[in-house]
Amino acid sequence: MPLSSDLPRGFSRRRFLAASSASLAAASSLSSAADAQEAPSASPASGRRPRVAAINSIYRLRSHAYHIAGRFLLGYTRNGFHHQPPFDLVRMYNDQIPEHDLSPETCERHGVELCKTVEAAIGGPDKLDVDAILLIIEHGDYPLNERGQILYPRYELFEKIVNVFRKSGRSVPIFVDKHLSYDHANAARMVATSRELGFGLMAGSSLPVTWRQPEIEPPLETPFEEAVVCFGYDRGPVEIYLFHALEVLQSMLERRAGGETGVKSLECVQGDAVWKAAAAGRWSRRLLDAALSRCQSCNVGPVEQNVKQPLAVFVEYQDGTKATVLNLIEQVSDFGFAATVRGRPDPVSTCFYLPSPPGARFFDPLTWNIEQFFAAGKPPYPVERTLLTSTLCDFAMRSIHAGGSIIRDPAMAVTYRGPESSGFFRGPYVDAG
C-alpha cells in the first residue's frame, strides 16, 4: 500500500492543518458537504454479532491483513472517538507464514481460531457459518510473470470460498482487497460468480475513500473533458502503484456526464516519448501542473529534468473523454488529480492524502466502508469500478511488456453508474479518521 511522504521541511503539523482547513474552505463548488454517516447496524435477526472470517496472504507488521483485519479486532478512531466495529472476527487463514508472523499471538490474544485451510476458516468444506469474509491477498512471497505482475492467488482463494458457498447452499458478502485479480478474465469471472450466486462483492483499496485535499467530490453528471493523475513509485513492480493511480482516476471520472461508458483504447509509453506526447497535445501539461500543485511531496525544479524514466498510460474512454496516468518517480510520491470540466475556465484538482505508517490511517476509511458493506450486503460503490481498474491495470502491464502497443479490447467496455456519495473521509485526519 502506498505511503505518504513527510511534511516539507519547516512546515509544521499545525501549519499543515491550518493550511488544509483554509484550502478546504476555499474549495470549488464541486465540493460537497460532509456525509452524515452513521455507524452500521450489523446485528442479524438472531441477535448475535455477525461473524467474520479473514482469508489472508500473510499477517505480519504493516501487511494489509494486519491493518484491515487488525482494525476489526482493535478498532480505530472515528470522528475523534474510538470506534469498535460491531462484528466478531472469529477465524483466520494465512496462505503463507513469513518471518515475524504475528498471527499466532494475535489470534490467541483475541480468541480467533487460526485455521489451516480456507474451508475451515469459513465453516468447513460444505458448511458456511460466518456472515462475511475478508479476502486480503496483498504482500507475501509470490512470483512475477513475464509482464511484471505479482501472481497473487486472489482468484484461486476466491474460488475455494465459492465452492463452499455452492456446497452449503448459502453465500455471504466478500470484500477483496485491491485488485480482483491481476488477470482481467479472472476478475470478470469473480464478478459474474457474485451475480450468479447473488452475494455482495466489494473490492479495491483505500485510495478512493482516503482524505482529499481539498475535499472535492464532483457531483454526478459532471461534464469532464480530460484528466491527469500523477504518482511516483520505484520500490517494486509498477503494477503495485499503477492500480492505485487508476483507482484515483476512476473514482473521479465515473462521475462524469452519462456515467461510466467503458474504455475504447489504452497505451503505455516511457522515457522521452512521454514528453513528446505532451508537446504533441496528447496530454495536458497544464493539468499535470494543477495536480502537482496539490501534492506536498512535489519536488523542486522542472519535471522534465527531474524525472529520468517517466511512464504514461493513455486512456481513451468510449465517450471520447481522455485521461493520462503518469508515474513520475523523482517528482512526486503523492497521488494528484486534475481535470478540465466543460464550462469552467480553470481545472479542478486535489490530492488523495495518505497518512504515514505505522498507523497508516488511510485504512480507517477503507475499513469503515467495508463495515457499511457487511452491514447492508451491498457495496457502497460498484464492484464494476474495481473490475474496470483491474482490467486496465492488466492491459497496461501487457502494453508495457509489448513495448507500448495500443490495446483495444472489449473487456475494457465496462459500464456502470458511480455512487451518490464517494464515501471518502473529510476533515483534518487527526480528528476525522
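Given (1) over 20 Å from LEU73 (Cα atoms); (2) in contact with a helix residue (DSSP H, G or I) (Cβ under 8 Å, 6 or more places away or on another chain), where does GLY140 come up short, assuming only one miss?
All conditions are met except number (2).
Got a sec? Which strands (runs of 3 or more DSSP E) wholly within the stretch 302-359 have at least 2 residues that are among the aromatic types (Phe, Trp, Tyr) and in contact (Cβ under 8 Å) with a residue 60 or more places away in the chain?
Fully inside the stretch 302-359 and qualifying: 335-341, 348-353.
Does LEU102 satisfy the criteria of being hydrophobic (A, V, I, L, M, F, W, C) and surrounded by fewer than 21 Cβ atoms within 10 Å (Cβ to Cβ)?
Answer is yes for this residue.
From the list GLY301, GLY262, GLY336, exactly one residue is on the phi > 0 side of the Ramachandran plot and either within 20 Å of the chain's Cα centre (by Cα) or aromatic (Phe, Trp, Tyr) (or both). Which is it?
Of GLY301, GLY262, GLY336, the one residue that is on the phi > 0 side of the Ramachandran plot and either within 20 Å of the chain's Cα centre (by Cα) or aromatic (Phe, Trp, Tyr) (or both) is GLY262.
Report, ordered by the first and then the second residue, all pairs with beta carbons closer than 7 Å, sequence separation of six or more or different chains, a first member in the stretch 59-84 that is closer than 23 Å to LEU114 by Cα, and a second member that is assigned to a loop (DSSP other than H, G, I, E, B) and basic (Lys, Arg).
As it stands, the answer is TYR66/ARG60, since those pairs meet every condition given.
Considering only the stretch 268-301, state which residues are open to solvent by less than 30 Å² (accessible area, probe 1.4 Å) and assigned to a strand (DSSP E or B).
CYS268, VAL269
For PRO143, only one of the following conditions fails: (1) under 22 Å from PHE395 (Cα atoms); (2) touching a strand residue (DSSP E or B) at 6+ places or on another chain (Cβ under 9 Å); (3) open to solvent by less than 70 Å² (accessible area, probe 1.4 Å). What is its number?
(3)
Within the stretch 386-398, does at least one residue satisfy the condition of being surrounded by 24 or more Cβ atoms within 10 Å (Cβ to Cβ) and touching a Gly at 6+ places or on another chain (Cβ under 7 Å)?
yes
So which residues in the stretch 227-266 are closer than 19 Å to GLU316 by Cβ, open to solvent by 30 Å² or more (accessible area, probe 1.4 Å) and of a type in the set (D, E, K, R)?
LYS264, the sole residue that qualifies.
Condition check: in contact with a helix residue (DSSP H, G or I) (Cβ under 8 Å, 6 or more places away or on another chain) and open to solvent by 30 Å² or more (accessible area, probe 1.4 Å). Does ASP409 satisfy that?
yes
Return the only residue of GLY404, GLY427, GLY418, GLY423 being of a type outside the set (Val, Ile, Thr) and buried (at least 21 other Cβ atoms within 10 Å of the Cβ).
Result of the check over GLY404, GLY427, GLY418, GLY423: GLY418.
Take the stretch 382-401 and flag every residue that is small (Gly, Ala, Ser) and touching a Lys or Arg at 6+ places or on another chain (Cβ under 9 Å).
SER390
Answer yes or no as to whether ALA188 is in contact with a helix residue (DSSP H, G or I) (Cβ under 7 Å, 6 or more places away or on another chain), open to solvent by 30 Å² or more (accessible area, probe 1.4 Å) and not acidic (Asp, Glu).
yes
Of all residues in the stretch 205-262, which are assigned to a loop (DSSP other than H, G, I, E, B), modelled with pLDDT of 95 or more and closer than 20 Å to ARG294 by Cα?
Result: SER206, THR210, PRO214, GLU215, GLU217, PRO218, GLY232.
What's the number of the condition ILE161 fails, among (1) open to solvent by 20 Å² or more (accessible area, probe 1.4 Å); (2) in contact (Cβ under 8 Å) with a residue 40 or more places away in the chain?
(1)
Which number in (1) under 22 Å from ARG48 (Cα atoms); (2) surrounded by fewer than 18 Cβ atoms within 10 Å (Cβ to Cβ); (3) over 23 Å from the mean Cα position of the chain (by Cα) marks the one condition that VAL112 misses?
Here VAL112 meets the rest and fails (2).
So is GLY271 more than 23 Å from GLN318 (Cα to Cα) and modelled with pLDDT under 95 or not?
No: the conditions fail for GLY271.
The values are calculated or read from the model by the stated rules, or taken from the named source; none is laboratory data. Computed from a predicted model, the values in this text were never measured in an experiment. Cβ coordinates were reconstructed from backbone atoms using ideal geometry, including for glycine residues, and neighbour counts include every protein chain displayed. Calculation scope for accessible area: heavy atoms of the full protein, side chains included, ligands and nucleic acids excluded. Shrake-Rupley method; radii C 1.70, N 1.55, O 1.52, S 1.80 Å.
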